[in-house]
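Asks: A single structure is presented below for examination.
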Amino acid sequence: MPLKDIDDLEKLKKINAALVGRVERSMDQQGNAFSLFQTAISLENRVRTRTDELHSTLRRLEQSNIDLSAAKENAELANLSKTRFLAAASHDVLQPLNAAHLSVSALAEVQTSDEGRKLVRQVERSLETMEDLLRTLLDISKLDAGVVQPDIGDVSLEALFSSLRSDFLPVAQLKGLSLKFRPVHAAVRSDRTLLRRILQNILSNALRYTRAGGVLVGTRHRGDTIRIDVADTGCGIPEEQREAVFEEFHRGTNSADSELAGGGLGLGLAIVRRMAGALGHPVTFSSKVGRGTIFHIDVPVGIGASADAIAHAADMERPRGYGLFGTKVLLVENDADVLQAMTFLLERWQCLVRAATSTDDALDLLGDTDWVPDIVIADQHLDGGDLGTATIAEVRDYLGRAVPALIVTADSTEVVAKAARAAGIELMRKPLKPAQLRALLAHLLA
């Protein structure tokens, strides 16, 4: 209908409203389309920005990984250098100390006066204190560096307790204290050497800080675990010192403790915590001031120790006779001072000694068919890069029999220990205790 023919005002208003609505809808649609277009452009810009940021982050992460890898490599090199330094320190520092031990022991053999023996004993005590300090500091450094690898196996507690009783009973008797070990027929899973050091340090502390009464060592089965208890009737540990006792060079703070701790270095429990941590053996204690302390070590029960193996281990701990008269010893040592001191000591024990500094020297000494060694004692690191384990192997091959042999070394690495075990060779660490050396020689020759 033409617009001029419409004379109804209401109809005109409705038509106008419809036209306006249609126009508005069209504009809204165009506005929405424009808005969507703007939104798409904005999103694209944001995606591009985020992509650039992500690429930048990835580049930084890649560089961080490169830096971390370099830092890890540097840390490993530093740790390796520390390990090598510790090995060198062990050898270079303990080597002259070993010569001094042997020389003083030989000197003690020829003393005839009480005054001379007293002076020799004073020197021996000083050397022992120095050795304990050096060994403990080196042990702590090695444990902190993570270079100590426990050799886990079944350990006979009966044999271990027997050995500790032999070592500490004279100390307890000298102080008028009792030292008792409850009988135990069980084996645990641990490193025998490290477990012995843990108990040795705890026992040493217990006897040092006890005036009257004594020390008792026992065990309790707790499921798959055996708890070793070391109880003393000593001065006890105050509550505020419960953590401090495991710190280096910590000793009792009151005068009584200081007097009781005479001769202690304050390193015993520091090394206990580190060794126990390396083994995964929790160490705890309960204590009452003035009444005593009980230390607890939780160790897994052994899984493969037979009765025969335990009996054999116990038998290995029993003291042997000291008959060394006429024993032929092939001694291979490249340190002149140690060689001289060791030769003199062995000759004082009535041994017949022939000395060499390398594998070739040792084999040359075997050219005399009338002289066949009963035992070979060799340092691990010899002249010309020779190794004592290899020297012993060549001597045995030359003789055609597995002659008893002993490696004596200041090298405390597990590599040497494994090489000695694989070849059936006994191992002793420098500095040597002459009494222990003599006992071991007698055992090997029995």
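Asks: Within the range 120-133, can you find the residues that are modelled with pLDDT of 70 or more and exposed (fewer than 14 other Cβ atoms within 10 Å of the Cβ)?
Replies: Across the range 120-133, the qualifying residues are ARG121, GLN122, ARG125, SER126.
Asks: When you scan the range 410-439, how many residues do you find that are in a helix (DSSP H, G or I), within 15 Å of VAL376 (Cα to Cα) and open to solvent by 30 Å² or more (accessible area, probe 1.4 Å)? So that I can check it myself, show each step before the final result.
Replies: Filtering the range 410-439 for residues in a helix (DSSP H, G or I) gives 414-422, 434-439.
Narrowing the set further to residues that are within 15 Å of VAL376 (Cα to Cα) leaves 420, 437-438.
Filter once more, so that each one left must be open to solvent by 30 Å² or more (accessible area, probe 1.4 Å): 438.
The qualifying residues number 1.
Asks: To continue, here is another question. Could you check the range 388-409 and list, in sequence order, the residues that are touching a strand residue (DSSP E or B) at 6+ places or on another chain (Cβ under 7 Å) and either open to solvent by 60 Å² or more (accessible area, probe 1.4 Å) or of a type in the set (A, V, I, L, M) (or both)?
Replies: Across the range 388-409, the qualifying residues are ILE392, VAL395, VAL403, ALA405, LEU406, ILE407, VAL408.
Asks: Would you please name the residue that is least open to solvent (accessible area, probe 1.4 Å), looking only at residues in the range 378-387 that are outside any loop (DSSP other than H, G, I, E, B) and either in contact (Cβ under 8 Å) with a residue 60 or more places away in the chain or closer than 16 Å to ASP364 by Cβ (or both)? Steps first, answer last, please.
Replies: So the first thing to find is which residues in the range 378-387 are outside any loop (DSSP other than H, G, I, E, B), and the list is 378, 381, 383-385, 387.
Filter again for either in contact (Cβ under 8 Å) with a residue 60 or more places away in the chain or closer than 16 Å to ASP364 by Cβ (or both), leaving 378, 381, 383-384.
On the way: ALA378: 2, HIS381: 69, ASP383: 66, GLY384: 83 Å².
Result: ALA378.
Asks: May I pose another question? Against the condition β-branched (Val, Ile, Thr), within 30 Å of ALA186 (Cβ to Cβ) and at pLDDT below 90, how does ILE294 come out, does it pass? Let's see the steps before the verdict.
Replies: Details: β-branched (Val, Ile, Thr): yes; within 30 Å of ALA186 (Cβ to Cβ): yes; at pLDDT below 90: no.
No: the conditions fail for ILE294.
Asks: To continue, here is another question. Among the residues of the range 322-342, which ones are more than 15 Å from ALA99 (Cα to Cα), touching a strand residue (DSSP E or B) at 6+ places or on another chain (Cβ under 8 Å) and open to solvent by 10 Å² or more (accessible area, probe 1.4 Å)?
Replies: The first filter runs over the range 322-342 and keeps only residues more than 15 Å from ALA99 (Cα to Cα), leaving 322-330.
Then drop every residue that is not touching a strand residue (DSSP E or B) at 6+ places or on another chain (Cβ under 8 Å), which leaves 326-330.
If the condition is that a residue be more than 15 Å from ALA99 (Cα to Cα), touching a strand residue (DSSP E or B) at 6+ places or on another chain (Cβ under 8 Å) and open to solvent by 10 Å² or more (accessible area, probe 1.4 Å), then GLY326, THR327, LYS328 are the ones that fit.
Asks: Which residues, counting only those in the range 157-193, are open to solvent by less than 20 Å² (accessible area, probe 1.4 Å) and either under 20 Å from ALA278 (Cα atoms) or within 18 Å of the chain's Cα centre (by Cα) (or both)?
Replies: LEU157, LEU160, ALA187, VAL188, SER190, ASP191
Asks: Which residue pairs have Cβ atoms under 7 Å apart, sit 6 or more places apart or on different chains, and have a first residue in the range 331-359 that is among the small types (Gly, Ala, Ser) and a second that is in a helix (DSSP H, G or I) and crowded, with 18+ Cβ neighbours inside 10 Å?
Replies: Matching pairs, first to second residue: ALA341/ALA99; ALA341/LEU102; ALA341/SER103; ALA341/ALA106; ALA355/LEU339; ALA355/THR343; ALA356/ALA362.
Asks: Taking the range 343-367, which residues are open to solvent by less than 20 Å² (accessible area, probe 1.4 Å) and touching a strand residue (DSSP E or B) at 6+ places or on another chain (Cβ under 6 Å)?
Replies: Matches in the range 343-367: LEU346, CYS351, ALA356, ALA362.
Asks: Separate question: Only one of ILE237, ILE226 is open to solvent by less than 30 Å² (accessible area, probe 1.4 Å) and at pLDDT 90 or above; which? Steps first, please.
Replies: Numbers: ILE237 fails: at pLDDT 90 or above.
So the residue among ILE237, ILE226 that is open to solvent by less than 30 Å² (accessible area, probe 1.4 Å) and at pLDDT 90 or above is ILE226.
Asks: Restricting the range 205-223 to residues that are closer than 15 Å to VAL283 by Cβ and touching a Gly at 6+ places or on another chain (Cβ under 7 Å), which is surrounded by the fewest Cβ atoms within 10 Å (Cβ to Cβ)?
Replies: Within the range 205-223, the match that is surrounded by the fewest Cβ atoms within 10 Å (Cβ to Cβ) is ASN205.
Asks: Among the residues of the range 270-300, write down those that are open to solvent by 10 Å² or more (accessible area, probe 1.4 Å), among the hydrophobic types (A, V, I, L, M, F, W, C) and in a strand (DSSP E or B).
Replies: VAL283, PHE285, ILE294, PHE295
Asks: Here's something else I'd like to know. Does SER204 satisfy the condition of being of a type outside the set (Lys, Arg), touching a residue at least 24 places away in the same chain (Cβ under 8 Å) and more than 16 Å from PHE295 (Cα to Cα)? Let's see the steps before the verdict.
Replies: Details: of a type outside the set (Lys, Arg): yes; touching a residue at least 24 places away in the same chain (Cβ under 8 Å): yes; more than 16 Å from PHE295 (Cα to Cα): no.
So SER204 fails the test.
Asks: Cβ contacts < 6 Å: first residue on the phi > 0 side of the Ramachandran plot and of a type in the set (D, E, K, R), restricted to the range 118-129; second residue modelled with pLDDT of 75 or more and not in a helix (DSSP H, G or I), any location; separation 6+ or different chain. Result?
Replies: Pairs that qualify, where the first residue is on the phi > 0 side of the Ramachandran plot and of a type in the set (D, E, K, R) and the partner is modelled with pLDDT of 75 or more and not in a helix (DSSP H, G or I): there are none.
Asks: Among the residues of the range 134-149, are any under 28 Å from ARG291 (Cβ atoms) and at pLDDT below 90?
Replies: Step one: list which residues in the range 134-149 are under 28 Å from ARG291 (Cβ atoms), which gives none.
Scanning the range 134-149, I find no residue that is under 28 Å from ARG291 (Cβ atoms) and at pLDDT below 90, so the answer is no.
The values are calculated or read from the model by the stated rules, or taken from the named source; none is laboratory data. Quick caveat, the model's predicted, so the values are computed rather than measured. With ideal geometry, Cβ positions are generated from the backbone for all residues, glycine too; neighbour counts draw on all protein chains shown. Accessible surface is based on the protein model in full, side chains and every heavy atom, while ligands, DNA and RNA are left aside. Shrake-Rupley method; radii C 1.70, N 1.55, O 1.52, S 1.80 Å.
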